[in-house]
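Enquirer: Have a look at this one.
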Amino acid sequence: MTSTVVLENFESRVLGNNPLRDPAVRRIPVYLPPGYENGNQRYPTAYVLSGFTGRGLQLLNDTAWDEPLPQRLDRLIGQGSLRPLIVVMPDCFTRYGGSQYINSSATGRYEDHLIQELVPHIDSKYRTVPEPAWRAVLGKSSGGYGALVLGMRHPEVFGLVADHSGDKYFELCYKLDFPKCLEGLAKFGGLAKFLSEFPHPQPRPHKKLWADTANIVCMAACYSPNPGSLLGFDLPFDEATGELDPHVWARWLEHDPVHIVQRHAEALRSLRLLYLDCGNRDEFCMHYGTRILVRRLQELGIAYFHEEYDDGHFGVQYRYDRSFTMLSEAVPT
């Protein structure tokens, strides 16, 4: 028996007429485990969220010395480490590089797209068990952030959460990059000009600076939208001087897991699994944010699993072996 990957062409009503004019039709890979087509069994479901600049289709990529996600799942199932399950790979990419899987008037209603549209569609079309205890969400980097926040906000949908190196403690993971963004905006002619040329990168000598600038600009569009502003969102600093705007920064912190965990404590307590990991040399300091979150969870008496390993932020897809195994063990028998 072999697995199958179905490519769904899903037309979203929620994403229609989104502010960035991104496509409303999304191609969403759905992994069906070996044996799915030959029986009537119902399966657990896992939603895997891609990192910044990623989309579900990239999880199918065959790269040197690594496994695409379907091959990884086949191996884990074949080894007996993972029970057969359906895996959905959403596309929440935007013109600015991502959505953080939340709603924003500057990018679109990507949280609503997932919760109100995609999950019900998958449950209606495939043989899932449509209950939170059988439905997981996981991801890495921005995908890990999205998984954690969706678990906080929607425990009625997702009962299992795995966050690999997710964005948290914004004081370190973003603030340290503000000077790079300021340098980039000055280099590329200011925010308005930078956005008018999106998404075409500048010449290669400045490609890294362009990417660093795009990252903070995209986060501003997600975390501090402002329909009344000319460009649809506010930067958390003065573009000329770099001075932090405390009011805008406060809006960013309203999305930071370490700042909102207490507000969602009951939701987190209801999860069957909350799994967190991060490399101890993470280039964006996510390991510090994860440690802070773990301390908050301890203070609130919330059950969790936390693992730190010797690596950085990139090329750590092998950690999915661990999270999928944990998710498999936590699903009801």
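Enquirer: With angles folded into 0 to 90 degrees, how steeply does helix 69-79 sit against the dominant principal axis of the chain? Use alpha carbons for both and round to 10.
Expert: With rounding to tens, the tilt is 30 degrees.
Enquirer: Another one. Just to be sure I understand: of the beta bridges DSSP finds with both ends in the chain, what percent are antiparallel, rounded to 5?
Expert: That works out to approximately 35 percent antiparallel.
Enquirer: So how tilted is helix 178-187 from the main axis of the chain? Cα-based, degrees 0 to 90, rounded to 10.
Expert: Here the helix axis deviates by roughly 60 degrees.
Enquirer: Name the shape class, rounded, prolate or oblate, that the alpha-carbon gyration tensor gives for segment 256-333, where a ≥ b ≥ c are the square roots of its eigenvalues, rounded holds for a/c under 1.5, and otherwise prolate holds if a/b is larger than b/c and oblate otherwise.
Expert: In terms of gyration-tensor shape, oblate.
Enquirer: Can you give me the angle between helix 142-153 and the longest principal axis of the chain, using Cα atoms only, in degrees from 0 to 90, rounded to the nearest 10?
Expert: So the helix axis and the longest Cα principal axis differ by about 70 degrees.
Enquirer: Which whole-Hz couplings ³J(HN,Hα) result when phi for each residue of segment 292-298 is put into the Karplus expression 6.51 cos²θ - 1.76 cosθ + 1.60, θ = phi - 60°, listed in order with x for Gly and Pro?
Expert: Coupling constants for segment 292-298: 5, 4, 4, 5, 4, 4, 4 Hz.
Enquirer: Report the local net charge at Cys181: Lys and Arg +1, Asp and Glu -1, summed over other residues whose C-beta lies under 10 Å from its C-beta.
Expert: Here the charged neighbours net out to -3.
Enquirer: Further question on the same structure: Please label the shape of segment 172-253 as rounded, prolate or oblate, based on the square roots a ≥ b ≥ c of the eigenvalues of the alpha-carbon gyration tensor (a/c under 1.5 means rounded; beyond that, a/b larger than b/c means prolate, else oblate).
Expert: Prolate.
Enquirer: Right, next: Tell me whether segment 66-143 comes out rounded, prolate or oblate; compute the Cα gyration tensor, take square roots of the eigenvalues as a ≥ b ≥ c, and use a/c under 1.5 as the rounded threshold.
Expert: Cα axes put segment 66-143 in the oblate bin.
Enquirer: May I pose another question? When only C-alpha pairs under 8 Å and at least 6 residues apart count, what is the relative contact order of the chain, in percent?
Expert: It rounds to 17 percent for the chain.
Enquirer: Run the reach check for Lys168 against lysines, Cα to Cα strictly under 26 Å, same-chain hits fewer than 8 apart removed. What comes back?
Expert: The qualifying lysines are Lys140, Lys180, Lys207, Lys208.
Enquirer: Based on the mean of other beta carbon atoms within 10 Å per residue, what is the order of 212-223, 150-161, most packed first?
Expert: Sorting 212-223, 150-161 by mean packing, highest first, produces 212-223, 150-161.
Enquirer: Go ahead and estimate [θ] at 222 nm for the chain from helices alone: -39,500 (n - 2.57) per DSSP H run with n ≥ 4, summed, over the residue count, rounded to 500.
Expert: Mean residue ellipticity, 222 nm, calculated: -9500 deg cm²/dmol.
Enquirer: Antiparallel as a % of all DSSP beta bridges within segment 13-159, to the nearest 5?
Expert: Percent antiparallel among DSSP bridges in segment 13-159 is about 30.
Enquirer: Counting just the Cα atoms, what span does the chain cover along each of its three principal axes? Round to the nearest Å and put the largest first.
Expert: 62, 44, 38
Enquirer: Hey, another quick one. Between Thr241 and Arg27, how many nm apart are label points set 7 Å from Cα along the C-beta direction?
Expert: Placing both labels 7 Å beyond Cα along the Cβ direction yields 4.9 nm.
Only the coordinates and a few stated rules stand behind these numbers; no lab work does. Only a predicted model underlies this, so the values are computations on that prediction, with no experimental measurement involved. No Cβ is skipped: glycine too gets one built from the backbone with ideal geometry, and neighbour counts run over all protein chains shown.
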